[in-house]
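Bear in mind these aren't lab numbers, they're just calculated from the coordinates by the rules spelled out. Nothing here was measured: the structure is a model prediction, and the numbers come from that model. All Cβ positions, even for glycine, are placed from backbone atoms using ideal geometry, and neighbour counts span all protein chains on display.
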Amino acid sequence: MLSMSGDNAIMKGVQATHVPDGREVDVKPILHNVEDILKLVNTAPTIDGEKGQKVSTLAETTVELPQTERMLETLPFIIHKISSELACKCSGGGGRDAHATTMVLFNTLSSYSWHAKVVLALAAFAVNFGELWLIAQLCAPHPLAKSVALLKPLPDIIENSHSLRPQFEALSKLIKASIEVTKCIVQFKELPSQYISENTPPMSIASASIPIAAYWTIRSIVACASLIASLEGLRNENISSTTEVWELLSLAHKVGYIHGHLKKQILICFECIEVQMQEEPYKLLVHLIKTAPHVDNMKIIKILILGNNKKEEPLPLVDGSSKTRVSLEVLRRKHVLLLISDLDISQEEILLLEKFYKDSRTRHENQYEVVWIPVVDRLNWNEMHQQKFEHVLSTLPWYSVHHPLMIAPEIIKYIKEEWNFLKRLTLVALDPQGTVSSHNARNMLWIWGNLAFPFTGAKEEALWKEETWSLELLIDGIDSTILDWIQEGRFICIYGGEDIEWIRKFTSMAKAGANEAGIPFGMFYVGKSNAKKRMQKTIATFGVEKFSPYFDNLISMWFFWTRIETMLYSKLQYGKSVENDYIMNEVMTILSFDGSDQSWAIYFRGPDEMFRCRGDKVVDTLAKFKNWLVNVGIYPKTLQSEIHCNRLILPKSPGSIAELVVCADCGRPMENPGSTGSNPEIHCNRLILPESQGSIAELVDCADCGRPMENPGSSGSNPEWVVCAECEPRTENYFRYRCCVE
């Protein structure tokens, strides 16, 4: 709080005069007019040789005065009253008791607010000072002005300009300081009350300084008026008073200090307001979503995309089909999927969503719109990110915001905190009335496609109730070959892993056993997840050796594994576990198979599962029981083993992974050593070594997984670097689970 010695006693008297009656005064046009007057009455620097220029400027300015006349209609009386009191109290030596005169003005202005008091007092002074200067400048060329000047009596200010210069310079400094403090007091009054309260810091601290600032501003106005009165009362006398100049400069210093203090306080208030304004979209979005349904979805969509931007962007979206800018009206009263991702959205995800999106356009009953909302790092945004955004934007057939930075930081905060967005693609479903029907419709869309429309929790639960564990659920429509085999009633084996020697041996034995038993049999290779580079090599080998039908493209293989992983997330979302949900148990088993280094196989008869087993066990079974397919009943007891080592690797998704994941084989809780920091199952290791002929082994094994590391060649300043063949670079964190029983 602003405090000086002696001010406390003064403030008690000032506060006693303050009895505002609630009247509102629009002080801004008055203050602007006062500033114009005091700028035109430019004191000591313009006294010499600029009379003609000043008259010209005044003439030009009078054209603009009628624009403020309507605003001043009710105020001339009080301004005239204050100006009269200033002239009376400050003339004939009355200005020597400046405090008493100041208190008279406070009593006259008692019913006005603090900011109105200082503006009206400043206006009254500007009237008196402006009249004096106007007559002084016009008295030579204008007979009327000359006659008035003789009657006042008015000293010959122009002729004594050099001797008056110290007074006018001090006067100019004090006037400028008073105007600056007045503008600060007005600024405090204009602060938006919805973002800052007068009763709480920092506004309460700043408000405590306003009365003392108002007092010293009006006290300075009295001092200025006293100097003007002394000039009007003297003719042909030496009026160069050192004491008078020192008093004005001392006041200017004090008022300048007050201005500095108020400026700091108002900056603190601005910072507080900015924080509140930034939080406004968050609070408003929380409120709108809680109070849904609404008449339509536009309120929520506007706050999501435009935030609290008062200058509403007329065309904030890009239409992916035409690549033209469009308004938000294209989304009104429609089902909308908000596609939330970073700029690293995969091509596989785009192609899959595009398939479902285009299919929905052909069916009137389940049409929906998609809007891409990219989540980016605003602080580190650069040209490379801009180019990446534009590239992704060019591939999308649906709507997108026209620039990622238009999404307010508080909306991004909401998306992360309330919708649990971390990094993986999220699809938030809004119905035509703005109700969030699903925080992540990605799960149900990936599992059932557009059958999940309108993407509500109730629809997802209903679809699961209709499902049983079967090969049809596992494969869906990813590959028609398997669906044809199911219709034919074949025995079907799906298998995975990456050990080519095992695949060669297993497929040969399985086909031979089926031929010998004379049963219709089909085998299908589903590969391995999170191993794109190695799967490319494996698919190439399948193309040559024709082990069995397989996913001949990585997108289908990716969708198979992503869909299974999505089933797990969907089940966990409803609190299911391997103990109370058979489908989840089977899903966990397949993901555990995939997480291990071993190959595996699952046998079905038509759509129904017969048995599943790891690679070494299934080969042993084929060797021991030639006709085991005919006598299915010998399994599972014959093949089940207590010894196992299961691993499960899942992308982190806040709020969707249970803390306790149970082993699909033994039912024991699986260990979770934490996220995949420096030694994950999914990793990206690089070994950088200085180039030295003959010192680098041709084969370097990864320290994490033991696989051979690739050597793409030299890079940078010619070092040799070796990369683990296990992976491509990954940016997501993963949960890693393990259960090993010997």
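Annotation: the antiparallel percentage among DSSP beta bridges lying fully within the range 311-424 is about 45. Our estimate of slack between GLN347 and VAL436, defined as 0.36 nm per intervening residue step minus the Cα-Cα distance, is 29.4 nm. Remark: the range 474-605 carries a charge dipole of roughly 260 debye about the Cα centre, counting +1 on each Lys and Arg Cβ and -1 on each Asp and Glu Cβ.
On full extension, the segment bounded by GLU383 and SER508 gains 39.6 nm, given 0.36 nm per residue less the C-alpha separation.
Only Lys, Arg, Asp and Glu carry charge here, each on its Cβ (+1 for the first two, -1 for the last two); on that basis the range 287-380 has a dipole of about 500 debye about its Cα centre. In the range 421-436, whose amide N lies under 19 Å from the spot 7 Å out along Cα-to-Cβ of GLU365? List them in ranges. Taking a point 7 Å out along Cα→Cβ of GLU365, the residues of the range 421-436 whose backbone N falls under 19 Å are 432.
Using the Cβ-Cβ distance between LYS264 and ASN553 with R0 set to 45 Å, the FRET efficiency from 1/(1 + (r/R0)^6) comes to roughly 0.10.
Label separation (LYS28 vs LYS283): 2.3 nm, computed from points 7 Å beyond Cα along the C-beta direction.
For the range 336-391, the alpha-carbon radius of gyration amounts to 1.37 times the rule-of-thumb value 2.2 N^0.38 Å expected for a compact globular protein.
Rounded to the nearest 20, the Cβ-based charge dipole of the range 345-449 about its Cα centre (Lys and Arg +1, Asp and Glu -1) stands at 140 debye. Highest mean packing comes first when the peptides 582-590, 242-250 are listed by Cβ atoms within 10 Å, giving 582-590, 242-250. Summary of the geometry: the range 381-411 and the range 108-145, compared by the centres of their Cα atoms, lie 57 Å apart.
Packing, as the average of other Cβ atoms within 10 Å across residues, places the peptides 124-133, 182-191, 220-229, 281-290 in the order 220-229, 124-133, 182-191, 281-290, highest first.
Summing charges over neighbours of SER111, with a neighbour being any other residue whose Cβ is under 11 Å away from its Cβ, gives +1 when K and R count +1 and D and E count -1.
Normalised by the number of residues in the range 309-449, the average gap of Cα pairs under 8 Å and 6 or more apart makes the relative contact order 32 percent. Model label points for ALA540 and GLU466, set 7 angstrom from Cα along the Cα-to-Cβ axis, are 4.4 nm apart. For the range 260-334, GluC sites (Glu not before Pro) meeting the loop criterion (DSSP other than H, G, I, E, B) and having at most 12 other Cβ atoms within 10 Å: GLU312. Simple rule: put +1 on each Lys or Arg Cβ and -1 on each Asp or Glu Cβ in the range 190-303, find the dipole, and look at LEU288, ILE218, PRO201; the Cα lying farthest toward the positive end is LEU288. Going through the cross-link list LYS465/LYS532; LYS358/LYS423; LYS413/LYS571; LYS28/LYS263; LYS355/LYS465, which pairs have a Cα-Cα distance over 23 Å in this structure? The answer is LYS465/LYS532; LYS358/LYS423; LYS413/LYS571; LYS355/LYS465.
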